[in-house]
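**Q** The structure that follows is given in the form of structure tokens.
The values are calculated or read from the model by the stated rules, or taken from the named source; none is laboratory data. Note that this is a predicted model, so its numbers are computed, not measured. Because the Cβ atoms are built from the backbone with ideal geometry, glycine has one as well, and the counts that use them run over all protein chains shown. SASA here: full protein model, heavy atoms, side chains in, ligands and nucleic acids out. Shrake-Rupley method; radii C 1.70, N 1.55, O 1.52, S 1.80 Å.
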Amino acid sequence: MDKNYNDPSSLILVVVDVHETRDGIEKLLQADGYRVAVARDEGDAVESARREPPNLILVSLAGSPGLVIFTARQIRDRAGIDEQIPVVVFCIQEISEGDEIALEQNVYVTRPDNFNQLRSLLVRLLNRIRVAA
């Protein structure tokens, strides 16, 4: 896959409570040329986003889909992140595998079958905010 599909200045905030998953996502995104900030919970995410606002937030936390979505919105609100910044919520329940659902503007729930599907979604969302800027 061509690695010239992203902007290396893009910062993705990865909020994942499982250490191994967080590290794996961080390494894959860095290999694609993204800058990555990692957080293990809402508080860490808010602090990180306040230090340097991300271009996209990726959230995968334990809990019901509703709770994880609420937490993702709280991160955006508490950190003062612009609503144009996409939030992608990994969900393992209540969504067909490989599908993505737009809950509201720039809040998406996805359950990718593999990293390439997630990668495609991130590229599409980051390109959309670049075009709008």
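**Q** Mind checking which residues of segment 80-117 are at pLDDT below 85 and buried (at least 17 other Cβ atoms within 10 Å of the Cβ)?
**A** Within segment 80-117, Phe90, Cys91, Glu100, Asn106, Val107, Tyr108, Val109, Thr110, Arg111, Pro112 meet the criteria.
**Q** If you don't mind, there's one more thing I want to ask. Suppose the filter is in contact (Cβ under 8 Å) with a residue 60 or more places away in the chain and open to solvent by less than 30 Å² (accessible area, probe 1.4 Å); does Ile69 pass it? Working first, answer last.
**A** On the way: in contact (Cβ under 8 Å) with a residue 60 or more places away in the chain: no; open to solvent by less than 30 Å² (accessible area, probe 1.4 Å): yes.
When the stated conditions are applied, Ile69 does not pass them.
**Q** Which members of segment 43-63 meet the condition of being surrounded by fewer than 19 Cβ atoms within 10 Å (Cβ to Cβ) and outside any loop (DSSP other than H, G, I, E, B)?
**A** Hits for segment 43-63 are Gly43, Asp44, Glu47, Arg50, Arg51.
**Q** Between a first residue in segment 44-66 that is over 18 Å from Arg22 (Cα atoms) and charged (D, E, K, R) and a second residue that is part of a helix (DSSP H, G or I) and open to solvent by less than 50 Å² (accessible area, probe 1.4 Å), which pairs have beta carbons less than 9 Å apart while being 6 or more apart in sequence or on different chains?
**A** Close Cβ pairs satisfying both conditions: Arg50/Ala79.
For (1) modelled with pLDDT under 95; (2) over 15 Å from Val123 (Cβ atoms); (3) in contact with a strand residue (DSSP E or B) (Cβ under 9 Å, 6 or more places away or on another chain), each residue gets a yes or a no:
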{"site": "Val14", "(1), (2), (3)": "no, yes, yes"}
{"site": "His19", "(1), (2), (3)": "yes, yes, no"}
{"site": "Arg22", "(1), (2), (3)": "yes, yes, yes"}
{"site": "Gly33", "(1), (2), (3)": "yes, no, no"}
{"site": "Glu47", "(1), (2), (3)": "no, yes, yes"}
{"site": "Leu67", "(1), (2), (3)": "yes, yes, no"}
{"site": "Arg78", "(1), (2), (3)": "no, yes, no"}
